[in-house]
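Each remark here refers to the structure printed beneath this line.
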Amino acid sequence: MSNLTASSWARTVSPEILGLTTLEEEPVVVRAVDPDAFLRLENAVPLTGSMGGSEFALAGENLALRFGLATGDTVTVAGAYAPRLAFLRITGTFRTESAANDELLVDFGMGRFLTGIGPLNYHSIRVRTSDPAALVRFLDGFQASVHVTGPGLVRMDIHSDPPSDERLANAILRTGLGGAPRDYLATAVGEATTSVRVVAYGIAVLLGILVAFGVHAVQARSFADRISTVGILRAVGASNGWMRRRLLIETMPFSLLAGFTGGILGFFAGRFLQPEVNLVVFGHQVPISLDVVTFALILSVIVAISIGSAFVLLRGTLRLRPTESIRETIAVEPPRSLEAILRG
Amino acid sequence: MRTDGAVVAALLCIALAARLVPLTFSPLPFSIDGFALARISTDMAAHGVWRIDPADVNSYNQKLPGFSLLWAAAAQVGGISPLLHVQLLLPMITCFTVLPAYLLGARATGRRLGGFAAGLFVALFGSFLLLTSAAAKESIGLLVFPVAVLLFHERKDPRKRALAVLLLLFLPFLHSLTTFLTLGMVAALVVLTQRRALTRGRFSWRAFALDVVTGPALALGAWAYYVSVDLPFLSDILAPEALVLFLAVVVLLTALMAPMVRPVPRRMGRRLVSPATKVILPPVVGFVLLAGNAATNLFVGAGRTESAFFLVVPSIVLFAAFAVGGFQLVRRTVNRTSDLVVAMFVAPVALILFGFFRGLDPGGLLLVYRAFDFLDYALAILIAVAFVAGWRTIGPSRPSRAGLVAGFLVALLATTPMAWNTPAVFGVQNVTTSEEFRALALLGSLGARNMTTDQRLADVARMWFGYSANADLPRKLRDNESLAGADYAVVLERWATVGAQVHPSPNIVLAAGVLAAFLAANRVVYTAGPPGNRILVVQVLT
């Protein structure tokens, strides 16, 4: 880079790192740039905010319009090929006539963090020069393996074969070849749990299982006292269907109330504890928020778990012999000594 | 009593023989950590003081001086080398792990056969064998902690309680993880005892306070010491987020554990042991995770399950079946060790769950695999119970009984590759050969200021020789990066075949051409070992 910048024939040198991410589930290109060089190269017009600094996030005009972004807003972006999350504060907006108008520009530190690209590596270095031949000579003398193309240039491949694959992803985003260090984290996550969504659903399922265990344990304890009642009802002629309906009618309001109370208490307890204490599961922070859809979902899951648990308990009781269920104690073997069993 | 002595002596001989096997690979410590401990012991012996130097590469081990202090004293009294003799003498101590296992097994089953089965399991089970063969703090911890837990379990005798307290006070200076888990087990014992007292209406605040003060409350002393010396990794658990998660796991397990003070009622006509049991779920989940980790990195950034590990799996499945059967027998009967088994399970399981939930990264993997072997004594008890039950079930037929013992022994021996062939089973090499050690020693005479090599040799170079060593050579060679800053490199030819170790990440296998080009471009100043497995010291010119 320093050799290029120092060359007299290079008017503008713009090293760049490209990353793909999403904002509000829409694909967005994040580009790590030197803002001076990049904006000059793109003939960009600053609109709001400042265009530099050690840490920045500049939104193209079209991107800002698309997502309703303004200077000072904070956006959350995920790593391009690495499982990383970052919060970016929009420090300015700009306008260009190129595709960059729909991109988010960030500093190199953030770009490397999001893409996993190591120091001194870039996806591309764009050079504006009035002497393309000097650039070709420089590349040749530098023993660089590059493909050269651009206005006023005959396409050529210096110290390399012509590219076999023209796809953008292969040309600029591949890692492990061409000197860019392979990122173990990116490789592994790509193969395993790439998306934050997978982790989020995983956490939700895990918590759901824990809640189901808890609900079932509490209901089992409570239901244990009513096994004899079930036996008596069966003895006086209650059908299994009637008892299921009865149980459903009894369980539903209580589970609704319990789910509602638990959800509200959990929300307030979480708000009380934050920001000093956060719940982090699988390395991801679980946010505390009260939105209607999530709350309704939690409520319905708890009701479903409660009803399912109640039916499981009732089914177990219906399998007992009526005399056994009417008795105060279930017919169990008296506990024996392990030593006695093993001695025979 | 004489029979007991004879059985224990036989178990000791078997355990010692198994733990001396690593000497056939190398006389040097059978773990990288051993070099740090030997260096600290050597310095202690030379200067006559224990010092913590925060700038020292061995400062972490200096903060846990129990092993080094004892080893320095032993080396001075015996006139032996802390480095060269540790791998010979340590197995003579760690083979005594069979003693608590024998006691636990015999106590649980009421038969010597149970003690023998538990002792044999601890003597030969590969994973436990690996840890108790290695020169590491944990290897002594695995000997001390069951004694402390057993003494605390029998704390009605004030002498045993006092001894337990003494050991619990010593443990923080030996190994932080052992301390943490032992205190967890002790806390679980307190919960079970007090829960039982509540059920029987015999709860006493005084007894509870005494239990807490002489048990879990000793964690405060350990915590104060670790904070005062700024022990690394402590913040991993004490950070607010981690602590909340850990407390959640502890609360959950405490709630699940509390009802275990009573045996599970068994309905009339049901068998004591049945394959259709919920207990089978944890091992099944464990095997699924291991298999899943072979296909993809479960712990992102760490290595996968090696294919050779699956050769050991049939034996582990057999022992898991024994353990599941034993657990059902223990839980459905009245016995003297149920509390011990539950307590010895709960603490490691809590840490394993915490390791999983905290983050699927190398740190999580570290917690999970380090905690696993603290389950081995509880497993030994359960396996012993199932073994004795099996022995009784097959009747007096001698061939059948001989078959059972032979099968048990063969299954145990089949797990020993976990200890003796770690590169194939875990993808991690623990052995440092004499040739490698000499190659590293040569660097000193060459006046090397900065050297570079793989993670294993760089650790040895830093920990024992005190070199400024980088472990990034394999990565830089693979990525064709500059080696600026390094004046010498130690290269192993086998990096091109089995790969260079960069634990906990997977090995980096270099293309043979890359290695050849590096050697051609720089000056090879020393070569040792047979072709194909040579060790090369290279002066970096480019």
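The values are calculated or read from the model by the stated rules, or taken from the named source; none is laboratory data. Here the structure is a predicted model, which means the values were calculated and not measured. Here the Cβ is made from the backbone with ideal geometry for all residues, glycine too, and neighbour counts use every protein chain on show.
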Tally of residues being surrounded by 13 or more Cβ atoms within 10 Å (Cβ to Cβ), modelled with pLDDT of 95 or more and among the β-branched types (Val, Ile, Thr) across the range B:211-248: 2
Residue check for residue A:157: over 30 Å from residue B:305 (Cα atoms), surrounded by 12 or more Cβ atoms within 10 Å (Cβ to Cβ) and modelled with pLDDT under 80: yes
Pairs where the first residue, in the range B:242-269, is at positive phi and more than 7 Å from chain A (Cβ to nearest Cβ) and the second is surrounded by 14 or more Cβ atoms within 10 Å (Cβ to Cβ) and part of a helix (DSSP H, G or I), C-beta under 6 Å, 6+ apart: none
Any hit, the range B:26-35, residues being of a type in the set (Phe, Trp, Tyr), part of a loop (DSSP other than H, G, I, E, B) and free of Cβ contacts under 8 Å to residues at least 40 places away in the same chain: no
Residue check, residue A:311 modelled with pLDDT of 75 or more and within 14 Å of chain B (Cβ to nearest Cβ): no
Residue B:510 being modelled with pLDDT of 90 or more and part of a loop (DSSP other than H, G, I, E, B): yes
Residue satisfying all of: in the range B:341-365; more than 16 Å from residue B:183 (Cβ to Cβ), free of Cβ contacts under 8 Å to residues at least 40 places away in the same chain and of a type in the set (A, V, I, L, M, F, W, C); nearest to the other protein chains (Cβ to nearest Cβ) among these: B:356
Only one of B:479, B:459 that is out of contact with any Asp or Glu (no Cβ under 7 Å at 6 or more places or on another chain) and either at pLDDT below 90 or of a type in the set (Lys, Arg) (or both): B:479
Segments classed as helices (runs of 4 or more DSSP H), wholly inside the range A:12-123, with at least 2 members that are among the aromatic types (Phe, Trp, Tyr) and in contact (Cβ under 8 Å) with a residue 24 or more places away in the chain: A:108-115
Counted residues, the range B:295-335 - those being in a helix (DSSP H, G or I), among the small types (Gly, Ala, Ser) and either under 15 Å from residue B:389 (Cβ atoms) or more than 12 Å from chain A (Cβ to nearest Cβ) (or both): 6
